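Report on the following structure.
The values are calculated or read from the model by the stated rules, or taken from the named source; none is laboratory data. Keep in mind the model is a prediction, meaning the values are calculated, not measured. Every residue, glycine as well, gets a Cβ built from its backbone with ideal geometry; the counts of neighbours run over all protein chains shown. Surface areas here come from the heavy atoms of the whole protein model, side chains and all, with no ligands, DNA or RNA. Shrake-Rupley method; radii C 1.70, N 1.55, O 1.52, S 1.80 Å.
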Amino acid sequence: MKRTITFGGISAEPGKKSSGFAPVLDTDCQLPVTVINGSEDGKTLLLTAGIHGGEYPAIQSAFELARELNAEKLKGQVIIISPVNTEAFYKRRACIVPSDGKNLNRLFPGDRNGSIGDKIAYVLTHEYQSKVDFYIDMHGGDIPILLPPYVYFPGIGENKEVLSYAEKASEYVLSAKYRVKSSAVTGAYNSCAIRGVPSLLIELGSAGRWSREEVDAYKKDIVNIMKFLNIIDGEPEKPVNKAKLITKSVYVDAETAGCWYPAAEVEDKVKKGDKLGIITDLFGNVLKEYYAEFDAEIIYRSVSLGIDKGDAVITYGGE
């Protein structure tokens, strides 16, 4: 017989959903959680959005999915947390948790004795990710980044079946122009996969904007993967245009503060040695030039004129 489930102290009976705020250890931070308990047994899916507070298509899509998914028609369970980084969402701060200045998506699996970002990562890891069968982290470029729709799948982990299953699921992200194999280990979905739960990160939307078209496309992607997971009835669709596979990527961060001037646009094809952009000082003197290390395509770039040391400026990848 189907049982009542509880996440973050929020319980839902079979065929029901419940929403509320779940605590983060000994802090004042609370996570907005919706627990949807299907009427039949099946996989448990965790969706998070707003790990970066300005990724609005992802956040709005998660809001709508939490309201629209019908528990009575689901096989399994769906747990939705959006936005995870509520402080950044309300304060319109890009990339970081304002209280500690840390990028939450670089803190996993977290530290229960650390700062607020570390504690959020710890709770997501141990109270949510460890209890599910599949995890999708919903992103969208945040305020300073321009990018096309794409999906990351994990490339590091001892359980090859987990990695293979995640890669297979990535083929059902209908909006994706690229499928990127990741070698990172500290992101929410990377950390989750390393610990044995197949996971994806979807990027859709960018530059601190959102539209109805983007939200509808995002929800269609999530529902399609839910069909792949057999949580929703129906055959999952394959994209009309197959996403290009990226297996080697370079993430360029600013080596100095200054003014960022890109020399290539998102989805441009570049050759080895092509200039990608420059950073100048406030008087126009060139401080740093960036060049492609191999033939590739531009996956994303910063739209900001002002840039700080350590900020992402451009990313490119190829096979």
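Tabulated values for the structure
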read-out	value
Region 80-182 shape via C-alpha gyration tensor axes, a/c threshold 1.5	oblate
Region 108-234 - Kirkwood radius from inverse mean 1/r over Cα pairs (Å)	15.1 Å
Virtual spin-label span in nm between Arg67 and Glu13, 7 Å along Cα→Cβ	2.5 nm
Residues Lys75 and Ser164, FRET efficiency given R0 of 35 Å [Cβ-Cβ distance, rounded to 0.05]	0.95
Gain in span if fully extended, Asp28 to Leu282, counting 0.36 nm per residue against the direct Cα distance	87.4 nm
Sequence ranges 139-145, 118-124, ranked by mean other-Cβ count within 10 angstrom, highest first	139-145, 118-124
The chain, helix-only ellipticity at 222 nm - DSSP H runs n ≥ 4, -39,500 (n - 2.57), divided by all residues, nearest 500	-6000 deg cm²/dmol
Proximal lysines to Lys17, defined as alpha-carbon separation beneath 18 angstrom and excluding residues fewer than eight positions away on the same chain	Lys2, Lys43, Lys73, Lys75, Lys131
Whole-number percent relative contact order across region 197-319, with pairs defined as alpha carbons under 8 Å at least 6 apart	25 percent
Cα gyration tensor category, rounded, prolate or oblate, for region 163-210 with a/c compared to 1.5	oblate
Choice from Tyr189, Tyr218, Tyr90 with maximal GNM fluctuation in the chain (Cα, 10 Å cutoff)	Tyr90
GNM top mover of Ile298, Ile81, Ile36 - the chain, alpha-carbon springs below 10 Å	Ile298
Relative contact order [Cα under 8 Å, 6+ residues apart], the chain, whole percent	15 percent
Alpha-carbon Debye profile of region 125-184, log10 I(q)/I(0) at 0.29 Å⁻¹	-1.31
Of all DSSP beta bridges in the chain, antiparallel share, percent nearest 5	65 percent
Where the Cα pairs of region 230-319 fall when distances are cut into 5 Å bins, in %	3, 13, 22, 18, 14, 8, 6, 6, 4, 3, 1, 1, 0
Shape box of the chain [Cα atoms, principal axes, largest first, Å]	69, 45, 39
Which of Gly42, Thr6, Thr315, positive extreme of dipole for the chain (C-beta unit charges)	Gly42
Probe 1.4 Å, accessible area per residue of region 112-265, Å²	41 Å²
Length gained when the stretch Phe21-Tyr261 is fully extended (0.36 nm per residue, less Cα-Cα span)	82.2 nm
For the chain, built as a Gaussian network whose Cα springs stay under 10 Å, the top-fluctuating residue of Ala263, Ala292, Ala169	Ala263
Magnitude of the charge dipole, the chain, Cβ model with Lys/Arg +1 and Asp/Glu -1, debye to 20	420 debye
Alpha carbon centroid spacing (whole Å) that separates region 143-201 from region 1-75	21 Å
Heavy atoms of Leu287: accessible area, 1.4 Å probe, square angstrom to 10	80 Å²
Length gained when the stretch Lys248-Asp133 is fully extended (0.36 nm per residue, less Cα-Cα span)	38.6 nm
Label point 7 Å beyond Cα of Glu293 along Cβ direction - residues of region 305-319 with amide nitrogen under 15 Å	313-319
Cα gyration tensor shape of region 5-76, rounded if a/c is under 1.5, else prolate or oblate by comparing a/b with b/c	oblate
